[in-house]
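Structure first, commentary second.
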Amino acid sequence: MAASNTTRIVILGKTGSGKSSLANTIFGEKDRFTINHTLNSEKTECRAETKSVNGRSITLIDTPGFFDTDRSKEKLKPAIVRCITECAPGPHAFFIVLRVEKFTEQEQAVITELNQYFSEEVFKYATVIFTHGDQLDEGQKIEDAVHQNKLTSELVKKCGGRCHVIDNKYWKNNQQEKYRNNQFQLEELLKSIDKTLKANKGSCYTNKMLQAVDDKIQQEKKCIRQSSGHMSEKEITEQAKDRVYHWLWIKLAGITTGALLGALFGVLSMGREVVTVITNIGAATAGGVIGGMSLGTRVGISALSGAAKGGLTGYLAAEGADSPQEAAERAAKAVVNEALSPFKAL
């Protein structure tokens, strides 16, 4: 198990893939996490819940559709910031949730985005979970279905071959076949988590962004304890996270959604020459701009430095803002002014 007593798991997937149902199944409850029954749901919240499962403490972080192809990315920014706050200093595992069915262009686009934003380091902590297992052919196992699709096969391979299947509707009390039983699949999933932890020597996935956020949370907890009275440790932790969330949201309002995803999942080492001189959380986030780029965008050192500089400019401009809207307006104005500055002397 990990050094901390709780295993943190971030659940990712397209809206309607069964993320919330998976979380409920793992916790053995019906409605701990809200289920969206329509693909057009505008759910943009990120929710974290902790419970003991088979003798271990697990925190599940249920996210909205970060990789939905038909949703405004800007609306997801608060949820991404909440996810960063909840999983700091980093998750021990990522669950990528997909449905067992023939992939459409949208599902393929989701995997394309995962490949874009996930660094190779993140895939070491990722497991693919397939829902709607009743769609499997009779006698078929999930590994057989995976091999029938090149895209999913490559994704599972990147995740070290880790994949599982559940069915939140039909496999709850299925006693006829061991494989088609959620309890059996849950036990296999927990074993897979243990193997992931062991392979990563008990450490969580982390980066400069997540480490800086965790440091801020610990500072806030210390301050709250000094004046908390009789608050429990859980209440102190939740209040500290809320404070850091609001502080971080204002600071990062000027950063693009892609940059936030890049800061959480992406490759910071691509901008090492920039990141090495960064000493605060805002600059670490600017390094995330680099991780948020597609490979085709990483075409030269000048482009990398420019992206990091733009992100840092937006962060610094947001300093002192009283609201996310004001921060965004300041950041936008600063970045535009900086971009136009070479032409003002003409």
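The values are calculated or read from the model by the stated rules, or taken from the named source; none is laboratory data. Because the structure is predicted, anything quoted here is derived from the model rather than measured. All Cβ positions, glycine included, derive from the backbone under ideal geometry; neighbour counts span all protein chains shown. Heads up: the accessible areas ignore ligands, DNA and RNA and are worked out on the full protein's heavy atoms, side chains in. Shrake-Rupley method; radii C 1.70, N 1.55, O 1.52, S 1.80 Å.
Observations on the model:
- Residue match in region 202-210 (condition: over 30 Å from Phe130 (Cα atoms), modelled with pLDDT under 90, in a loop (DSSP other than H, G, I, E, B) and not aromatic (Phe, Trp, Tyr)): no
- Odd one out for Asn168 among (1) assigned to a helix (DSSP H, G or I); (2) touching a Ser or Thr at 6+ places or on another chain (Cβ under 8 Å): (1)
- Residue that is most open to solvent (accessible area, probe 1.4 Å) [pool: residues in region 55-83 that are under 17 Å from Phe118 (Cβ atoms) and of a type in the set (D, E, K, R)]: Lys73
- Which listed residue, of Glu143, Glu86, is under 26 Å from Ala199 (Cα atoms) and surrounded by 15 or more Cβ atoms within 10 Å (Cβ to Cβ): Glu86
- Pro91 part of a loop (DSSP other than H, G, I, E, B), modelled with pLDDT of 90 or more and of a type outside the set (Phe, Trp, Tyr): yes
- Cβ separations smaller than 9 Å between residues 6+ apart or across chains give the following pairs from region 136-153 residues that are within 14 Å of Ile111 (Cα to Cα) to residues that are in a loop (DSSP other than H, G, I, E, B): Asn149/Lys102; Asn149/Phe103; Leu151/Phe103; Thr152/Phe103; Ser153/His147.
- All of Lys178, Lys222, Lys195 fail the test of being at pLDDT below 90, open to solvent by 30 Å² or more (accessible area, probe 1.4 Å) and either farther than 18 Å from Pro89 by Cα or over 20 Å from the mean Cα position of the chain (by Cα) (or both), apart from Lys178.
- Extreme residue, farthest from the chain's Cα centre (by Cα), among residues of region 125-140 that are in a loop (DSSP other than H, G, I, E, B) and surrounded by 13 or more Cβ atoms within 10 Å (Cβ to Cβ): Gln140
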